[in-house]
Protein chains: 2
Amino acid sequence: MFEDAELGHAVDKAAYDARVTALRSELLDVQFALKDQRAFPVVLLVGGVEGSGRGETVNVLTSWLDPRHVEVNGMGAPSDEEVERPRMWRFWRSLPPKGKIGIFFGSWYTAPILEASLSKGRSRWARLEKSVDEIVRFERMLAEEGALVLKFWFHLSKAAQKKRIKELKKDPLTRWRVTGIDEDYFKKYDRFREVSEHTLRHTSTALAPWLVVEGVDRRYRELYVAEELLRAIKARLSAPKAVRPLPARPSDVPEVDAKRTLLTELDLTKKLAKPKYEKELEKLQGRLALLTRHKRFRDHSVVVVFEGNDAAGKGGTIRRVTSAVDARVVRVVPIAAPTDEERSHPYLWRFWRQLPRHGSITIFDRSWYGRVLVERVEGFCTPYDWERAYGEINDFEEEMAGHGIIVAKFWLAISKTEQLRRFKEREQVAFKTFKITEEDWRNRKKWDAYSDAVCDMVGRTSSSRAPWTMVEANDKYYARTKVLRTLCERIERGLG
Amino acid sequence: MFEDAELGHAVDKAAYDARVTALRSELLDVQFALKDQRAFPVVLLVGGVEGSGRGETVNVLTSWLDPRHVEVNGMGAPSDEEVERPRMWRFWRSLPPKGKIGIFFGSWYTAPILEASLSKGRSRWARLEKSVDEIVRFERMLAEEGALVLKFWFHLSKAAQKKRIKELKKDPLTRWRVTGIDEDYFKKYDRFREVSEHTLRHTSTALAPWLVVEGVDRRYRELYVAEELLRAIKARLSAPKAVRPLPARPSDVPEVDAKRTLLTELDLTKKLAKPKYEKELEKLQGRLALLTRHKRFRDHSVVVVFEGNDAAGKGGTIRRVTSAVDARVVRVVPIAAPTDEERSHPYLWRFWRQLPRHGSITIFDRSWYGRVLVERVEGFCTPYDWERAYGEINDFEEEMAGHGIIVAKFWLAISKTEQLRRFKEREQVAFKTFKITEEDWRNRKKWDAYSDAVCDMVGRTSSSRAPWTMVEANDKYYARTKVLRTLCERIERGLG
């Protein structure tokens, strides 16, 4: 992987000077086109070995670009707000919107590579492998969502690195760059090289390739990075719109034995009498309240997802949860049309940005599952897009669970007859808050298509760490207590 | 101020029950109208003495409201990201958008009142006075920007408080609420009462009144707060659109001796020869680079504002600044049309959200001064709105300076002839990045109106802590070095 980057690539001054002026104006041109069309975000990662000129090159590159449309993220130590969120949160919040170039100096590679280079345990390769898998899927998602992902690895041979660091140390102007680099550091070179080579090989994909830059010659590395960036943006700007491949399993194939599904097997006659409900409700709300005041709750957070048929009673159920706990602890995020900032980022961005800090509960009233429900059924996205969403959602929830977030997901199910009854009832009630829209009636006509989507969704995204709970909701009392009880149990298990 | 809240107000169960059901549905109705029309944000503050039922009331109130459109902000200890920003940043970032209710439990009053109650120094009243002034201006701004501001103060007499806390301590279910409240606490009651009474009197304004709630009776305080909230939203929803009073000084009065202004007195013939410029530039860029690596720089941040005539060379000057320092340290924020999230918040929100963390520089390419420049001249806002903006901007910059942010503001001035020359030159250059738009030509026709606006702006918003620097920019070399030199000097002074 690194052989080509140890050949001593260099550009002489004449060749450099002959190219630079034109290169800079071409860069500004494509940058302007990118910005003007708000075409796509450019995610540019910079990694590599110490002394290989990463920082200098980024500085030169940004000085050639229009600085108003580049964001350089020096990912130093995470802040406490970042520490309280899943590992990837700080990268998500720094993702550039469409039309901008986001340079990540230090990235999601930094921690896994360092960890595998420095730790000693026998499981370090296994852990690295896991990180590599996650990264590949994350970057694929970025690319599928339209981002142009470019990754530059700055390489130096061991000898070249020694020489370079000696030089940097001599010069009072650059000495500060290499503090803490001593003999001990070079001992780790081989290990670091082995780990990063492995990582790079396994994360260099068609949609997010690694480009290895030889870091010895300043002019070479500057031209290399700038030319690659220029070419990549230009090519993408003029590329024909990608036509997504058809998923292998068309969604309109009739199921074999479709009579029995997750939904048909629900016993919607389940009921709870009012007096019992009231007693039960009070008990469960008290239990939930106590849990949120538990000492260990301060180091956890909870994410609750509510999905369900129209008129299944999500609103009322959510109110029974929120009213149980201190209002400062809980926030409800209703999912409506995305804002323009949200639209200019990958699909999951608007959910990532809402993840709670420690000691808090966030309730999503509808959620990221919109993509595999309404967007699928209504044809708002291609089959390829909603098919890939299952995997992306699983990864998202894995991130949460891996960070200790307690995840609970509820599908509130009612029968078609019960829905009709509620629609009619609502039409007669004056409260505008419950008005029935044309859309509700339209959705109802697609009942079967929605049912298929729900079964697929649950089947493909329910896991022990982020399980779906199917809630029989024809009877509101039964539904609410089931939700509260399940939520309490999930939190209890999460707190250990 | 508190007398009426020590009378023993109470509501009996029958009266409460008779009202609550209707009240709740009325609340949901107005909340729905508020959300549906995205009419305005509601900012609801909750303060008061320990044991007065603040938390319980907020919990009941939110359980009556649709929780999807209420955000409760329990303002606990600030995070490190908040500590690195001016005091008010954490409140700005939590302001609700139009259509939502934001409840602040703990607010911008908490710190000043506690500080004045607990500290001993003789200057504590003076400091309180200063805070009170700032708060009054801040809330006026919120109200002028369309927010409905309601402030509830929960009061208990000393005797009532003692009794209440005794009760709370007895009950194992509520004991946790009153940890740390002992005899010592009651000694401070009088002081706290004096300070808060003073503060409330001076911050109760027509646009942001305090409502004092007697905290003894649960039913009373719940109805009180809910009824007030209901009435206020309802009244505002049906209020006629406010017509802004005309400012006392119409902007089209010709100046006396308008021949001499800040702009006419600039010597635009100032020049720097290229060889001298190149030497000077290198020296200044090196100086700036060193400053950003200074140990004390890690505890400061820098905000730079660039405004100027069209084609005055802002872009080129900004590039000379950004290319001097490490790309990770600096971010350029180009100000274009606000996003829809920005539009649903007060005007200054989109600038507040960009304030840098410690150790960073944020450069605004155009800025909050748009309101007193383009918006004034083009009539995008009323004279009343841009007149009040001067004061709001001064407050904003005071907040920054008070927090130790180094603020530098540059007006890049060119002559009308020089602008024409540059426009024509640009029209002939192929780079699309520099294209001249219809708008540029239109703006040019209003040269004099813009000049008046600039002079007013500088006159009214230049201060020793956030000074304007007028930059003679007919000669780019001269302009760039003047900007860099001024910026270095500002940072040097700021670092002390």
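The values are calculated or read from the model by the stated rules, or taken from the named source; none is laboratory data. Note that the structure is predicted; figures quoted are calculated from it, not measured. Cβ sites come from the backbone with ideal geometry, for glycine too, and all protein chains shown count toward neighbours. Side chains are part of the model used for accessible areas, which takes the heavy atoms of the whole protein and leaves out ligands, DNA and RNA. Shrake-Rupley method; radii C 1.70, N 1.55, O 1.52, S 1.80 Å.
For residue B:104, the residues whose amide H sits under 5 Å from its own are B:44, B:45, B:46, B:73, ignoring neighbours fewer than 5 places away on the same chain, with H placed 1.01 Å from N. For chain A, take the longest principal axis of its alpha carbons; what is the angle in degrees between that and the long axis of helix A:416-428, to the nearest 10 within 0 to 90? Around 80 degrees separate the two axes. For the stretch B:3-106, DSSP calls about 0 percent of its internal beta bridges antiparallel.
Extension gain, residue B:296 to residue B:37: 0.36 nm times the residue separation minus the Cα-Cα distance gives 88.4 nm.
Using a simple spin-label model with pseudo-atoms 7 Å out from Cα toward Cβ, residue A:158 and residue A:13 lie 3.5 nm apart. Our estimate of slack between residue B:234 and residue B:129, defined as 0.36 nm per intervening residue step minus the Cα-Cα distance, is 34.4 nm. Using θ = phi - 60° in the Karplus curve 6.51 cos²θ - 1.76 cosθ + 1.60, the 3J(HN,Hα) couplings for the stretch B:287-292 round to 4, 5, 4, 4, 4, 6 Hz; x is entered for Gly and Pro.
Roughly how many debye, to the nearest 20, is the charge dipole of the stretch A:70-110 about its Cα centre, given +1 on each Lys and Arg Cβ, -1 on each Asp and Glu Cβ, and no other charges?
Roughly 240 debye for the stretch A:70-110.
In sequence order, the stretch B:305-312 has phi-based couplings of 10, 10, 10, x, 4, 4, 6, 7 Hz under the Karplus curve 6.51 cos²θ - 1.76 cosθ + 1.60, θ = phi - 60°, and Gly or Pro positions carry x. Computed from the C-beta positions of residue B:449 and residue B:264, the FRET efficiency with R₀ = 22 Å rounds to 0.90. Once backbone amide H atoms are built at 1.01 Å from N, residue B:335 has B:365 as its partners under 5 Å, excluding neighbours fewer than 5 places away on the same chain. Label points 7 Å out from Cα along the Cβ direction at residue A:421 and residue B:493: separation in nm? About 7.6 nm separates the two model spin labels. Put simply, the amide H of residue A:330, placed in the peptide plane, has neighbours under 5 Å in A:361, leaving out anything fewer than 5 places away on its chain.
With all protein chains in place and ligands, DNA and RNA left out, the 1.4 Å accessible area ranks A:277, A:478 as A:478, A:277, largest first. With kT/(6 pi eta Rh) evaluated at 4 °C and eta = 1.567 mPa s, and Rh the Kirkwood radius from Cα pairs, the stretch B:6-49 diffuses with a coefficient of 97 µm²/s according to Stokes-Einstein. Across the identical copies, the label point of residue B:197 (7 Å from Cα in the Cβ direction) is separated from its matches by 8.0 nm, in order from shortest. The mean count of C-beta atoms from other chains within 10 Å of the C-beta of residues in B:53-64, rounded to a whole number, is 3. Just the Cα atoms of chain B, one point each, no solvent: what log10 I(q)/I(0) does Debye give at q = 0.12, 0.14 Å⁻¹? Normalising to I(0) and taking log10 leaves -1.13, -1.39. Ranked from shortest, the separations from the 7 Å Cα-to-Cβ label point of residue B:235 to its equivalents in the other copies are 6.6 nm.
In the protein assembly as shown, helical runs assigned H by DSSP with n ≥ 4 each contribute -39500 (n - 2.57); averaged across all residues and rounded to the nearest 500, the mean residue ellipticity at 222 nm is -15500 deg cm²/dmol.
Tilt of helix A:54-64 relative to the longest C-alpha principal axis of chain A, in degrees (0 to 90, nearest 10)? Roughly 90 degrees between the two axes. Based on C-alpha pairs under 8 angstrom that are at least 6 apart in sequence, chain A has a relative contact order of 19 percent.
Measuring between alpha carbons in the structure, the pairs from A:424/A:445; B:163/B:187; A:482/B:170; B:274/B:314; A:270/A:409; A:100/B:295 lying more than 24 angstrom apart are A:482/B:170; A:100/B:295.
Would you tell me the mean number of C-beta atoms belonging to other protein chains that fall within 10 Å of each C-beta in B:317-327, as a whole number? Walk me through the numbers before you get to the answer.
Details: counts 0, 3, 7, 1, 1, 9, 6, 2, 1, 9, 18.
The mean count of partner-chain Cβ atoms within 10 Å per residue comes to 5.
In chain B, the longest principal axis of the Cα atoms and the axis of helix B:476-495 are about 40 degrees apart. Label points for residue B:269 are taken 7 Å from Cα along Cα→Cβ. From this copy to the others they lie 10.1 nm apart, shortest first.
If you take the alpha carbon radius of gyration of the protein assembly as shown and divide it by 2.2 N^0.38 Å, what ratio comes out, to two decimals? Mind dumping the intermediate values first?
Values: Rg = 31.1 Å, N = 992, 2.2 N^0.38 = 30.3 Å.
Relative to the rule-of-thumb radius for its length, the protein assembly as shown sits at 1.03.
Annotation: peptides B:39-52, A:124-137, ranked by per-residue average of other Cβ atoms within 10 Å with the highest first, follow the order B:39-52, A:124-137.
Over the whole of B:68-76, what's the average partner chain Cβ count within 10 Å per residue? Rounded to a whole number, please. Working shown, then result.
Numbers: counts 13, 2, 4, 4, 7, 3, 6, 1, 2.
Mean shielding count: 5.
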